[in-house]
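See structure below.
The values are calculated or read from the model by the stated rules, or taken from the named source; none is laboratory data. Because the structure is a prediction, the values reported are computed rather than measured. Because the Cβ atoms are built from the backbone with ideal geometry, glycine has one as well, and the counts that use them run over all protein chains shown. To get the accessible areas, we keep the full protein, side chains included, count just its heavy atoms, and leave off ligands, DNA and RNA. Shrake-Rupley method; radii C 1.70, N 1.55, O 1.52, S 1.80 Å.
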Amino acid sequence: MQLKDVLILNGFKFNKRYGQNFLTDKNLLSSIVEKAGVTKEDTVVEIGVGGGTLTSAICERAKRVIGFEIDKNLEPVLKTTLAEFSNVEIIFKDIMKVKTEELEKYIGGEYRVVANLPYYITTPILMKFIEEGSKIKSICVTVQDEVASRLCAEAGTSEYGAITAGIDVVGNAKKIMKIDKKMFYPVPNVDSAVVNIEIDRNKYQGIDLNAYRNVVRAAFSSRRKTLVNNLMNSFKLTREDAEKAVGAIGKGVMVRGETLSTQDFVLLSTVLKNKSY
Ligand code: SAM
(Lines give C-alpha, C1' and ligand atoms only; values in the text may rest on other atoms or scores of the structure.)
Protein backbone atom coordinates (compact mmCIF):
# COMPACT_ATOMS: atom_id res chain seq x y z
CA MET A 1 0.00 0.00 0.00
CA GLN A 2 1.15 3.55 -0.79
CA LEU A 3 1.94 5.84 2.17
CA LYS A 4 -0.76 8.29 1.05
CA ASP A 5 -3.38 5.53 1.33
CA VAL A 6 -2.17 4.45 4.78
CA LEU A 7 -2.35 8.07 5.96
CA ILE A 8 -5.92 8.43 4.65
CA LEU A 9 -7.05 5.09 6.11
CA ASN A 10 -5.79 6.19 9.52
CA GLY A 11 -7.37 9.65 9.29
CA PHE A 12 -3.95 11.27 9.67
CA LYS A 13 -3.90 15.07 9.60
CA PHE A 14 -0.61 16.80 8.73
CA ASN A 15 0.64 19.07 11.46
CA LYS A 16 2.36 22.07 9.81
CA ARG A 17 4.01 22.97 13.12
CA TYR A 18 6.17 19.84 12.92
CA GLY A 19 7.52 20.35 9.38
CA GLN A 20 5.82 17.24 8.05
CA ASN A 21 6.86 16.87 4.41
CA PHE A 22 7.30 13.20 3.63
CA LEU A 23 9.47 11.48 1.02
CA THR A 24 7.89 8.49 -0.69
CA ASP A 25 10.05 7.56 -3.69
CA LYS A 26 11.67 4.20 -2.83
CA ASN A 27 14.62 4.59 -5.23
CA LEU A 28 15.42 8.02 -3.85
CA LEU A 29 15.18 6.85 -0.24
CA SER A 30 17.31 3.81 -0.91
CA SER A 31 19.92 5.99 -2.62
CA ILE A 32 20.04 8.36 0.39
CA VAL A 33 20.66 5.47 2.79
CA GLU A 34 23.32 4.00 0.51
CA LYS A 35 25.12 7.34 0.23
CA ALA A 36 24.90 7.70 4.02
CA GLY A 37 27.20 4.66 4.12
CA VAL A 38 24.79 2.52 6.16
CA THR A 39 25.72 -1.19 6.31
CA LYS A 40 24.47 -4.29 8.13
CA GLU A 41 26.94 -3.54 10.94
CA ASP A 42 25.34 -0.18 11.72
CA THR A 43 22.95 1.08 14.33
CA VAL A 44 21.12 4.09 12.91
CA VAL A 45 19.26 6.81 14.79
CA GLU A 46 16.56 8.39 12.66
CA ILE A 47 15.13 11.74 13.74
CA GLY A 48 11.55 12.45 12.63
CA VAL A 49 10.27 9.10 11.39
CA GLY A 50 7.11 10.53 9.80
CA GLY A 51 5.28 7.85 7.83
CA GLY A 52 8.25 5.49 8.04
CA THR A 53 9.36 5.58 4.39
CA LEU A 54 12.96 6.58 5.06
CA THR A 55 12.88 4.28 8.10
CA SER A 56 11.99 1.31 5.87
CA ALA A 57 14.91 2.08 3.55
CA ILE A 58 17.24 2.27 6.57
CA CYS A 59 15.84 -0.99 8.05
CA GLU A 60 16.70 -2.78 4.81
CA ARG A 61 20.38 -1.83 5.10
CA ALA A 62 21.09 -1.46 8.82
CA LYS A 63 21.44 -3.86 11.74
CA ARG A 64 19.32 -1.82 14.12
CA VAL A 65 17.21 1.34 13.79
CA ILE A 66 16.07 3.62 16.59
CA GLY A 67 13.61 6.22 15.33
CA PHE A 68 12.28 9.30 17.10
CA GLU A 69 8.99 10.94 16.27
CA ILE A 70 7.23 13.77 18.10
CA ASP A 71 3.75 13.15 16.67
CA LYS A 72 1.98 10.26 18.41
CA ASN A 73 -0.78 10.44 15.76
CA LEU A 74 1.63 8.63 13.44
CA GLU A 75 1.68 5.52 15.65
CA PRO A 76 -1.08 3.59 13.81
CA VAL A 77 0.44 4.60 10.45
CA LEU A 78 3.86 3.29 11.47
CA LYS A 79 2.35 0.03 12.78
CA THR A 80 1.34 -0.63 9.16
CA THR A 81 4.29 0.79 7.23
CA LEU A 82 6.97 -0.81 9.43
CA ALA A 83 5.13 -4.08 10.13
CA GLU A 84 7.60 -6.22 8.17
CA PHE A 85 10.71 -5.05 10.08
CA SER A 86 11.94 -6.56 13.35
CA ASN A 87 15.10 -4.41 13.63
CA VAL A 88 13.34 -1.13 14.41
CA GLU A 89 11.98 0.57 17.49
CA ILE A 90 10.11 3.86 17.44
CA ILE A 91 10.29 6.23 20.38
CA PHE A 92 7.58 8.89 20.46
CA LYS A 93 9.51 11.78 21.96
CA ASP A 94 10.68 15.28 21.09
CA ILE A 95 14.32 14.68 20.11
CA MET A 96 15.32 17.98 21.73
CA LYS A 97 14.21 16.55 25.09
CA VAL A 98 16.27 13.38 24.72
CA LYS A 99 19.60 13.47 26.57
CA THR A 100 22.30 12.49 24.06
CA GLU A 101 24.38 10.88 26.80
CA GLU A 102 21.46 8.63 27.81
CA LEU A 103 20.71 7.77 24.19
CA GLU A 104 24.35 6.77 23.68
CA LYS A 105 24.32 4.62 26.82
CA TYR A 106 21.17 2.93 25.51
CA ILE A 107 22.72 2.28 22.07
CA GLY A 108 25.91 0.99 23.65
CA GLY A 109 28.31 1.68 20.78
CA GLU A 110 28.88 3.69 17.64
CA TYR A 111 25.98 4.77 15.46
CA ARG A 112 25.00 6.85 12.44
CA VAL A 113 22.31 9.51 12.28
CA VAL A 114 20.06 9.66 9.21
CA ALA A 115 17.21 12.16 9.00
CA ASN A 116 14.92 14.15 6.78
CA LEU A 117 14.88 16.98 9.29
CA PRO A 118 11.87 19.12 10.23
CA TYR A 119 12.87 22.51 8.76
CA TYR A 120 11.80 24.57 11.81
CA ILE A 121 14.40 22.97 14.03
CA THR A 122 17.21 21.89 11.66
CA THR A 123 20.07 23.85 13.23
CA PRO A 124 19.36 23.03 16.91
CA ILE A 125 19.03 19.30 16.13
CA LEU A 126 22.26 19.26 14.11
CA MET A 127 24.23 21.19 16.71
CA LYS A 128 22.87 18.97 19.50
CA PHE A 129 24.33 15.87 17.84
CA ILE A 130 27.53 17.58 16.63
CA GLU A 131 28.29 19.04 20.06
CA GLU A 132 26.97 16.35 22.40
CA GLY A 133 27.41 13.12 20.44
CA SER A 134 30.57 11.21 21.25
CA LYS A 135 29.87 7.93 19.42
CA ILE A 136 28.57 9.22 16.08
CA LYS A 137 30.22 7.98 12.89
CA SER A 138 28.24 10.14 10.47
CA ILE A 139 25.21 12.39 10.15
CA CYS A 140 23.26 12.34 6.89
CA VAL A 141 20.54 14.97 6.74
CA THR A 142 18.00 16.16 4.20
CA VAL A 143 17.54 19.89 4.71
CA GLN A 144 16.44 22.94 2.71
CA ASP A 145 18.93 23.48 -0.12
CA GLU A 146 19.91 26.89 1.22
CA VAL A 147 20.73 25.36 4.60
CA ALA A 148 22.69 22.56 2.89
CA SER A 149 24.87 25.20 1.21
CA ARG A 150 25.54 26.80 4.58
CA LEU A 151 26.61 23.50 6.13
CA CYS A 152 29.21 22.95 3.40
CA ALA A 153 30.29 26.56 2.71
CA GLU A 154 33.84 27.80 2.20
CA ALA A 155 35.24 30.53 4.49
CA GLY A 156 34.73 34.02 3.09
CA THR A 157 31.49 33.22 1.24
CA SER A 158 28.09 34.65 2.18
CA GLU A 159 26.84 31.17 3.13
CA TYR A 160 29.67 30.60 5.61
CA GLY A 161 28.61 30.92 9.24
CA ALA A 162 28.95 29.71 12.80
CA ILE A 163 27.27 26.41 11.94
CA THR A 164 29.77 25.73 9.10
CA ALA A 165 32.74 26.25 11.41
CA GLY A 166 30.95 24.33 14.19
CA ILE A 167 30.65 21.27 11.98
CA ASP A 168 33.98 21.52 10.16
CA VAL A 169 36.04 21.25 13.35
CA VAL A 170 34.79 17.70 13.99
CA GLY A 171 33.75 16.51 10.56
CA ASN A 172 33.66 16.83 6.80
CA ALA A 173 30.35 17.95 5.27
CA LYS A 174 29.48 17.25 1.66
CA LYS A 175 26.33 17.98 -0.33
CA ILE A 176 25.62 14.62 -1.93
CA MET A 177 22.27 15.09 -3.65
CA LYS A 178 19.67 17.69 -4.54
CA ILE A 179 15.99 16.88 -4.09
CA ASP A 180 13.31 18.72 -6.03
CA LYS A 181 10.49 20.00 -3.82
CA LYS A 182 8.02 18.01 -5.94
CA MET A 183 9.44 14.80 -4.43
CA PHE A 184 7.87 15.66 -1.04
CA TYR A 185 4.30 15.13 0.11
CA PRO A 186 2.87 17.66 0.74
CA VAL A 187 5.06 19.81 -1.57
CA PRO A 188 7.02 22.45 0.43
CA ASN A 189 8.02 25.91 -0.86
CA VAL A 190 11.67 25.20 -1.57
CA ASP A 191 13.98 22.48 -2.87
CA SER A 192 16.08 20.37 -0.52
CA ALA A 193 19.47 18.71 -0.54
CA VAL A 194 21.13 15.86 1.30
CA VAL A 195 24.31 16.59 3.26
CA ASN A 196 26.52 13.84 4.64
CA ILE A 197 28.85 14.71 7.50
CA GLU A 198 31.59 12.17 8.21
CA ILE A 199 32.59 12.73 11.82
CA ASP A 200 36.32 12.91 12.54
CA ARG A 201 36.90 13.90 16.16
CA ASN A 202 40.67 13.77 15.64
CA LYS A 203 40.65 16.31 12.83
CA TYR A 204 42.12 18.93 15.17
CA GLN A 205 43.76 16.99 17.96
CA GLY A 206 44.05 18.35 21.47
CA ILE A 207 41.89 21.41 20.95
CA ASP A 208 39.51 22.75 23.57
CA LEU A 209 36.18 22.49 21.75
CA ASN A 210 34.37 24.75 24.23
CA ALA A 211 36.94 27.50 23.74
CA TYR A 212 36.70 27.01 19.96
CA ARG A 213 32.90 27.25 19.97
CA ASN A 214 32.96 30.37 22.14
CA VAL A 215 35.34 32.07 19.70
CA VAL A 216 33.25 31.06 16.68
CA ARG A 217 30.10 32.34 18.39
CA ALA A 218 31.86 35.62 19.19
CA ALA A 219 33.24 36.01 15.64
CA PHE A 220 29.76 35.70 14.11
CA SER A 221 27.89 37.59 16.84
CA SER A 222 27.67 40.65 14.58
CA ARG A 223 28.59 40.15 10.93
CA ARG A 224 28.86 43.89 10.36
CA LYS A 225 31.56 44.30 13.01
CA THR A 226 35.24 43.48 12.72
CA LEU A 227 36.60 40.41 14.49
CA VAL A 228 38.45 42.69 16.93
CA ASN A 229 35.21 44.45 17.94
CA ASN A 230 33.34 41.17 18.31
CA LEU A 231 36.12 39.73 20.50
CA MET A 232 36.16 42.87 22.65
CA ASN A 233 32.40 42.63 23.21
CA SER A 234 32.20 38.90 23.81
CA PHE A 235 35.31 38.39 25.95
CA LYS A 236 35.53 41.83 27.59
CA LEU A 237 38.99 42.34 26.10
CA THR A 238 40.71 45.69 25.68
CA ARG A 239 41.14 46.82 22.06
CA GLU A 240 44.88 46.36 22.45
CA ASP A 241 44.57 42.73 23.60
CA ALA A 242 41.97 41.89 20.93
CA GLU A 243 44.22 43.35 18.22
CA LYS A 244 47.23 41.46 19.57
CA ALA A 245 45.29 38.16 19.58
CA VAL A 246 44.14 38.66 15.99
CA GLY A 247 47.68 39.67 15.02
CA ALA A 248 49.06 36.53 16.68
CA ILE A 249 47.26 34.39 14.08
CA GLY A 250 48.58 36.52 11.24
CA LYS A 251 45.43 38.57 10.57
CA GLY A 252 44.98 42.31 10.23
CA VAL A 253 42.92 44.42 12.66
CA MET A 254 40.16 45.05 10.11
CA VAL A 255 39.51 41.37 9.37
CA ARG A 256 35.96 40.03 9.71
CA GLY A 257 35.10 36.75 11.42
CA GLU A 258 33.54 35.19 8.34
CA THR A 259 36.88 35.16 6.50
CA LEU A 260 38.54 32.89 9.08
CA SER A 261 38.95 29.21 8.27
CA THR A 262 38.45 26.43 10.81
CA GLN A 263 42.24 26.29 11.25
CA ASP A 264 42.27 30.06 11.98
CA PHE A 265 39.55 29.65 14.62
CA VAL A 266 41.48 26.76 16.19
CA LEU A 267 44.59 28.95 16.43
CA LEU A 268 42.67 31.97 17.73
CA SER A 269 40.88 29.97 20.42
CA THR A 270 44.23 28.57 21.59
CA VAL A 271 45.83 32.03 21.63
CA LEU A 272 42.93 33.48 23.63
CA LYS A 273 42.73 30.56 26.03
CA ASN A 274 46.48 30.67 26.82
CA LYS A 275 46.61 34.48 26.64
CA SER A 276 49.60 34.00 24.35
CA TYR A 277 49.24 37.33 22.56
N1 SAM B 1 11.39 10.77 7.80
C2 SAM B 1 10.13 11.09 7.16
C3 SAM B 1 10.33 11.19 5.66
O4 SAM B 1 11.49 11.31 5.24
O5 SAM B 1 9.35 11.15 4.94
C6 SAM B 1 9.52 12.39 7.74
C7 SAM B 1 10.34 13.63 7.58
S8 SAM B 1 9.48 15.13 8.00
C9 SAM B 1 10.42 16.31 7.10
C10 SAM B 1 10.02 15.49 9.66
C11 SAM B 1 9.40 14.62 10.75
O12 SAM B 1 9.97 15.01 12.00
C13 SAM B 1 7.90 14.75 10.91
O14 SAM B 1 7.31 13.47 10.95
C15 SAM B 1 7.71 15.46 12.26
O16 SAM B 1 6.53 15.10 12.93
C17 SAM B 1 8.96 15.02 13.00
N18 SAM B 1 9.40 15.94 14.06
C19 SAM B 1 9.26 17.29 14.09
N20 SAM B 1 9.81 17.81 15.19
C21 SAM B 1 10.34 16.76 15.88
C22 SAM B 1 11.04 16.66 17.12
N23 SAM B 1 11.32 17.74 17.86
N24 SAM B 1 11.41 15.44 17.54
C25 SAM B 1 11.13 14.33 16.81
N26 SAM B 1 10.47 14.38 15.63
C27 SAM B 1 10.09 15.56 15.17
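Points worth noting:
- Taken over the range 4-38, the residue count meeting the criterion of being open to solvent by less than 40 Å² (accessible area, probe 1.4 Å) and either at pLDDT below 95 or near the ligand (Cβ under 8 Å from one of its atoms) (or both) is 6.
- For I197, the stated conditions hold: it is open to solvent by less than 20 Å² (accessible area, probe 1.4 Å), closer than 30 Å to L23 by Cα and either assigned by TED's automatic domain parsing to the domain that holds L23 or under 26 Å from the mean Cα position of the chain (by Cα) (or both).
- The residue list K72, K97 contains one member that is within 14 Å of the ligand (Cβ to nearest atom), charged (D, E, K, R) and over 20 Å from the mean Cα position of the chain (by Cα), which is K72.
- Every pair of residues 6+ apart whose Cβ atoms lie under 8 Å, when the first sits in the range 243-261 and is in contact (Cβ under 8 Å) with a residue 60 or more places away in the chain while the second is open to solvent by 40 Å² or more (accessible area, probe 1.4 Å) and assigned to a helix (DSSP H, G or I): none
- Residues that are assigned to a helix (DSSP H, G or I), more than 16 Å from the ligand (Cβ to nearest atom) and open to solvent by less than 60 Å² (accessible area, probe 1.4 Å) within the range 122-178 comprise I130, S149, L151, A162, I163, T164, A165, G166, I167, D168, listed in sequence order.
- Being closer than 23 Å to E131 by Cα and of a type in the set (V, I, T) holds for only one residue in I107, I8, and it is I107.
- Residues located in the range 13-35, provided they are assigned to a loop (DSSP other than H, G, I, E, B) and polar (S, T, N, Q): N15, Q20, N21, T24
- Enumeration of residues in the range 179-191 that are open to solvent by 10 Å² or more (accessible area, probe 1.4 Å) and not aromatic (F, W, Y): D180, K181, K182, M183, P186, V187, P188, N189, V190, D191
- Strands (runs of 3 or more DSSP E) wholly inside the range 36-98 that include at least 3 residues being in the same structural domain as F14 (by TED's automatic domain parsing) and without any contact (Cβ under 8 Å) to a residue 60 or more places away in the chain: 64-68, 88-91
- Evaluation of Y119 against (1) more than 12 Å from the chain's Cα centre (by Cα); (2) open to solvent by 20 Å² or more (accessible area, probe 1.4 Å); (3) aromatic (F, W, Y) (one fails), failing number: (1)
- Selection of the range 59-68 for residues being touching a helix residue (DSSP H, G or I) at 6+ places or on another chain (Cβ under 9 Å) and either open to solvent by 10 Å² or more (accessible area, probe 1.4 Å) or among the aromatic types (F, W, Y) (or both) yields E60, R61, R64, F68.
- Members of the range 46-77 found to be within 15 Å of V141 (Cα to Cα) and of a type in the set (G, A, S), listed by number: G48, G50, A57, G67
- Only a single criterion out of (1) within 13 Å of the ligand (Cβ to nearest atom); (2) under 24 Å from I176 (Cα atoms) is not satisfied by L78, namely (2).
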